[in-house]
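The values are calculated or read from the model by the stated rules, or taken from the named source; none is laboratory data. Computed from a prediction, not measured in an experiment: that's the story for all the values here. Side chains included, ligands, DNA and RNA excluded: accessible areas come from the protein's heavy atoms. Shrake-Rupley method; radii C 1.70, N 1.55, O 1.52, S 1.80 Å.
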Amino acid sequence: MKTSLLALVLGAVVLSGCTGYRQPPEAFHESLLQPYTFETSDQVRVTVFGQPELSNTYTIDQTGKMSFPLIGRIVAKGKTAEQVAQIIEQRLRNGFIREPDVSVEVAQYRPVFIMGEVRSAGQYNYIAGMTAQNAIATAGGFTPRANQLDVDITRQVNGEILQGRVPLTDPLKPGDTLYIRERLF
């Protein structure tokens, strides 16, 4: 009787550990295939050909805007590099430069955040092509108690916060938050 009760309790404990699993929604992985859009804290390199005094690196602030000489503040959050270049060209064409030729690219992505069972949790620079496993290595690797099979990721997609449990080989996006869980046994 005691062994069956013990087995029942152990089974309940194991199953309760599984209830936190959340398969990521389709949009979670589909967002990896979409063109990159700027967010707050991204640093943007703008080159205006023939105008070295306008060419510089600019940061997108908390309101989603960046300040640009001559034309003032423009909304960059949620826009691609090509869209931001078009906005700058259009505004410069209005009385400042006859035929502006503008190039925009990411100078530095917003960071990823790593929490849980890693040696050095914190904020780390995102590098293009980074996977969850790369990010964990950047944070000093797993602690001895870490679940090394998968990772929980929180990601913002089109203003919505999505969460899911994914393999360590899954690619990351700038701004992702990784949580490495403690293993049960």
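Collect residues whose amide H, placed 1.01 Å from N in the peptide plane, falls under 5 Å from the amide H of residue 180; neighbours closer than 5 in sequence don't count.
115, 116, 117
Heavy atoms only, probe 1.4 Å: what % of the accessible area of the chain goes to carbon and sulfur, would you let me know?
Result for the chain: 53 percent of the exposed heavy-atom area is carbon or sulfur.
Under 19 Å between alpha carbons, and skipping anything fewer than 8 positions from residue 65 in its own chain: which aspartates and glutamates qualify?
Hits, sequence-local ones excluded: 39, 42, 82, 89, 105.
Taking Cα atoms, how many degrees apart are the long axis of helix 81-93 and the longest axis of the chain, rounded to 10 and kept between 0 and 90?
Orientation of helix 81-93: about 20 degrees from the principal axis.
With the other protein chains left in place, how much accessible area per residue, in square angstrom, belongs to segment 35-126 at a 1.4 angstrom probe?
Here the per-residue accessible area is 56 Å².
At 0.36 nm per residue, minus the direct Cα-Cα distance, what do residue 59 and residue 106 gain on full extension? Give it in nm, one decimal, please. Please report the intermediate quantities before stating the final value.
Details: separation 47, 0.36 × 47 = 16.92 nm, distance 1.01 nm.
Extending this stretch completely gives an extra 15.9 nm.
Tell me, what ³J(HN,Hα) does each residue in segment 155-165 have, in order and in whole Hz, if you take phi through Karplus 6.51 cos²θ - 1.76 cosθ + 1.60 with θ = phi - 60° and put x for Gly and Pro?
9, 9, 10, 6, x, 9, 8, 10, 10, x, 9
By how many degrees, between 0 and 90 and to the nearest 10, does the Cα long axis of helix 2-18 differ from the longest principal axis of the chain?
0 degrees
Among [x] 22.3, 89; [y] 22.7, 71; [z] 15.6, 54, only one was calculated for this model; which label is it, if the read-out is Rg and Dmax of the Cα atoms in Å?
Among [x] 22.3, 89; [y] 22.7, 71; [z] 15.6, 54, the one derived from this structure is [x].
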